[in-house]
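Bear in mind these aren't lab numbers, they're just calculated from the coordinates by the rules spelled out. Computed from a predicted structure; not experimentally measured. Cβ placement follows ideal geometry from the backbone for every residue including glycine, while neighbour counts extend to all protein chains displayed.
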Amino acid sequence: MRKILDTYTSSLASRVRMATAQRPLKQSKGRDTEGIKLTLYDYEASPWCRIVREQMTFLGLNVLIKPCPRQTLFTEGAFNEHSRFRKEAFDQCKFNGHGTQFQFPVLVDETKVDDKKVITESREIVKHLWREYGTHITESRPKGDVILNSSRLPFFARFAFLSFPSVLRPFPRCGLLQTPSSIGPQQKPLKLLGAEGCPHARLIREVLSTLEIEYESIPTMYPGEYRLTDPNNNFDSDSWEEATNYLWKSYQKDRTPTWFARIPHPNLGRSGNFFSAAARAASAGKGSFVPDEIFCKKNVSN
């Protein structure tokens, strides 16, 4: 029953997003992706992280994901010593004068030597990615992406479409809340081949996020293709059910989650609960989710 529910709701979540971000856009020859070094601190259930992951799929960018699921449903942004990457993400936010503004996603771009960039707003992250890595794109942006992320729809409709995948998958295990895991400090990142819009890849990402397992996200040109590889245990599978069962069995730790704890924390720049965060997003909703200059970009037609 749970398998049917998971596949149905994940597939519906992709359809709600108009099946966008199913594969990278076509690009001209000669693009060198070897030296690109991107790290994204995010969590699967965040709508704003979803926008960034979609655009990364379109751009065909490999990125190291360091999941930062929430530890508690109470104070937003709070974390303690049991969070694997939130302290690291918080320290990155303070880099280059970001102060204590702590929100997700957080992108760290270390592609250019001695020119590290840390960007915290999803809109600014998308702008940066297209400016730095979108010059070789030759295929026009998908119509569904333009409709969902531009100002063609009123804000409340765009925010509803953006948030609906999280509404369909609201459970703590779906990449929203941390479940304690046993991960060694020397563990190599896992590898996940699959596009943001792939329903089965989403089910694997949810578990990776919940268990705070670091992984390299690798977009694929073939819609529906996905594969999880764990170099630490020689695991390799293109079955979402086998992959998720393996992750829970191999990495879940027997310790009580802190979902309902009031975790003490310093001033992280944000406070309140999920609903206050949604209210802030609604009150700040102006313009498009993806910067207008990206939608106006003249792509070469194939």
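Numerical summary
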{"quantity": "Residue among Gly35, Ser122, Ala160 farthest towards the positive dipole end of the chain, charges placed on Cβ", "calculated": "Ala160"}
{"quantity": "Loop sites in the stretch 62-140: GluC sites (Glu not before Pro), DSSP, at most 13 other Cβ within 10 Å", "calculated": "Glu81"}
{"quantity": "Highest-fluctuation residue, Ser140, Ser163, Ser83 considered, GNM on the chain with Cα pairs under 10 Å", "calculated": "Ser140"}
{"quantity": "Virtual spin-label span in nm between Glu34 and Leu5, 7 Å along Cα→Cβ", "calculated": "4.9"}
{"quantity": "Gyration tensor over alpha-carbon atoms, the stretch 133-252, equivalent ellipsoid semi-axes in Å", "calculated": "29, 19, 12"}
{"quantity": "Selected from Lys117, Lys127, Lys29 as most flexible by GNM, with the chain as the system and alpha-carbon contacts under 10 Å", "calculated": "Lys29"}
{"quantity": "Prolate/oblate/rounded call for the stretch 85-161, Cα gyration tensor, a/c under 1.5 rounded", "calculated": "oblate"}
{"quantity": "Contact order normalised by residue count of the chain, Cα under 8 Å, 6+ apart, percent", "calculated": "29"}
{"quantity": "The chain, helix-only ellipticity at 222 nm - DSSP H runs n ≥ 4, -39,500 (n - 2.57), divided by all residues, nearest 500", "calculated": "-10500 deg cm²/dmol"}
{"quantity": "Percent RCO, i.e. relative contact order, over the stretch 119-210, from Cα pairs under 8 Å lying at least 6 residues apart", "calculated": "25"}
